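> Can you keep this structure in mind? I'll have questions shortly.
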Amino acid sequence: MSLLLTSVRPYGEGDPVDVAIDGGEITAIGAGLPVPEGAEVIDGAGAVLLPGFVDLHTHLREPGREDTETIESGSAAAALGGYTAVFAMANTSPVADSAVITDHVYRRGREVGLVDVHPVGAVTVGLKGEKLAEMGMMAARLGLTGWPRAAEEAIVARDALLARDAGARVHICHASTAGTVELLKWAKEQGVSITAEVTPHHLLLDDSRLATYDAVNRVNPPLREASDVAALRKALRDGVIDCVATDHAPHADQDKCCEFAAARPGMLGLETALAIVAQVAVEPGDITWRDVARVMSEKPAEIARLDDHGRPIEVGEPANLTLVDPDLGWTVHADDLASRSRNTPFADLDFRAKPVLTVLRGRITARDGVAAAPGTGERA
Ligand code: DOR
Ligand code: ZN
Ligand code: ZN
């Protein structure tokens, strides 16, 4: 399949150019490129071209809770969100702790073909501390109400010290407090190999949301104070926090539409992440589209050691790309989401930016709010 994207702005910089794609790679970039024979031409209308997004933290629920998400529905949500690779966390049931399960997740992802699905086993190469920490934390957290900030910060401090003394790498999932930001800054200054992610919901929402006791706002770690949100935004801008990860956590109505304390924690994230990052960071002028490429694609790919995502937009590079309309203007409607679940706290909120085209190895996986048919990808 051959594509010609006309009038796109790589990283939102400079005059619009055309980008030719063939054989899964970028084959030419320039103004007024000739249309290659048989190529599908897509008018980019000046939209922002970015490397396809990489999500280090997604829950896809297959196997075990296919009523709330499947690899197929989650892949469609990811493609619509501009993602070309996601990491599926291991807390499925049964837990993805054996090759039988991780192989299934990987192959099913390939078969669906809308996004590269990496079972969390793949991310643990060189990151064993991370996997243990995440699984251990999840088991600890279930018994805790509210996951107090001291608990989060104690674990971040502990992991930073262990990484320092073991000379290991550590990645902190969903940083949510100003104290965690201070600890990350301290650890990085000490030369610890520490990286961290922040979720879109912790960048946008604060604990004033909890006043209604609506369980759609229940999440782990919980929504924090407005001062924490401000610290997280600043940390993302300054590079103290390395990347954005969704912690996309689909849940069934019966697990969410109940008393706050009894509800499962978690929020949908894949289809709204870019819009939120644009609203909280790009539109106010805190960061540029080039920074968005860094925090949503390049850094996560680097942390996970993916060599075919988060690449520069250059001739010869894999065509894993996302086209973002920075001024589309849209409203989140839960019923329109591709996810099988409806637990979005962003329903009825207005955003400006939206991914309008996602390309995985030269194939269109989502366009204008519609995901490509699953199963059209390459066979595993
Ligand atoms: O709120 C959350 N829900 N946080 C997590 O880390 C896990 C997730 C889930 O699996 O539902
Ligand atoms: Zn977690
Ligand atoms: Zn999670």
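Every read-out reported here was derived from the displayed coordinates using simple, explicitly stated rules and does not represent laboratory data. Worth saying up front: this structure is predicted, and the values here are computed from it rather than measured. Don't worry about glycine lacking a Cβ; one is built from the backbone with ideal geometry, like all the others, and counts go over all protein chains shown.
> Students often get this wrong, so check it: of Lys185/Lys299; Lys185/Lys354; Lys256/Lys299, which have C-alpha atoms separated by over 23 Å?
The pairs that break the limit, which is 23 Å between Cα atoms, are Lys185/Lys354; Lys256/Lys299.
> Additional query: For the chain, compute Rg over Rh where Rg is the Cα radius of gyration and Rh is the Kirkwood radius from the inverse mean 1/r over Cα pairs.
With Rh from the inverse mean 1/r over Cα pairs, Rg/Rh is 0.95.
> How high is the relative contact order of the range 319-380, in percent, counting Cα pairs under 8 Å that sit 6 or more residues apart?
So the answer I get is 36 percent.
> Mind pulling the angle between the C-alpha long axis of helix 178-189 and the longest principal axis of the chain? Nearest 10 degrees, somewhere in 0 to 90.
It works out to around 70 degrees.
> Continuing with this model, one more query. In Å³ and rounded to a whole number, note down the convex hull volume per residue for the Cα atoms of the range 1-51.
In the range 1-51, the Cα hull volume divided by residue count equals 64 Å³.
> Something else now. State the percent of C-alpha pairs, over all pairs in the range 168-270, separated by a distance greater than 17 angstrom.
53 percent
> Beta carbons within 10 angstrom, averaged per residue: use that to sort the peptides 43-53, 93-103, 260-270, highest first.
With the highest mean Cβ count within 10 Å placed first, the list reads 43-53, 260-270, 93-103.
> Still on this structure, I have one more. Using packing as a proxy for protection, rank 308-316, 356-364, 244-252, 32-40 so that the peptide with the highest average count of other Cβ atoms within 10 Å comes first.
244-252, 356-364, 308-316, 32-40
> Per-residue ellipticity at 222 nm for the chain, helices alone: DSSP H runs ≥ 4 residues times -39500 (n - 2.57), over residue total, nearest 500 deg cm²/dmol?
Rounded to the nearest 500, the figure is -8500 deg cm²/dmol.
> Rounded to the nearest 5, what is the percent of antiparallel bridges among the DSSP beta bridges in the chain?
Taking every DSSP beta bridge with both residues in the chain, the antiparallel ones total about 55 percent.
> Okay, moving on. Apply the Kirkwood formula to the range 282-354: the hydrodynamic radius equals the inverse of the mean of 1/r over all pairs of different alpha-carbon atoms; give it in Å with one decimal.
Its Kirkwood hydrodynamic radius stands at 14.7 Å.
> Still on this structure: Relative to the compact-globule scaling 2.2 N^0.38 Å, provide the ratio for the alpha-carbon radius of gyration of the range 219-347.
Cα Rg divided by the expected 2.2 N^0.38 Å: 1.18.
> Follow-up. Pairs of Cα atoms under 8 Å, at least six residues apart: use those to get the relative contact order of the chain, whole percent.
Answer for the chain is 24 percent.
> Please list the non-local residues whose amide H lies under 5 Å from the amide H of Met267, H modeled 1.01 Å from N, same-chain partners needing a gap of 5 or more.
Ala249
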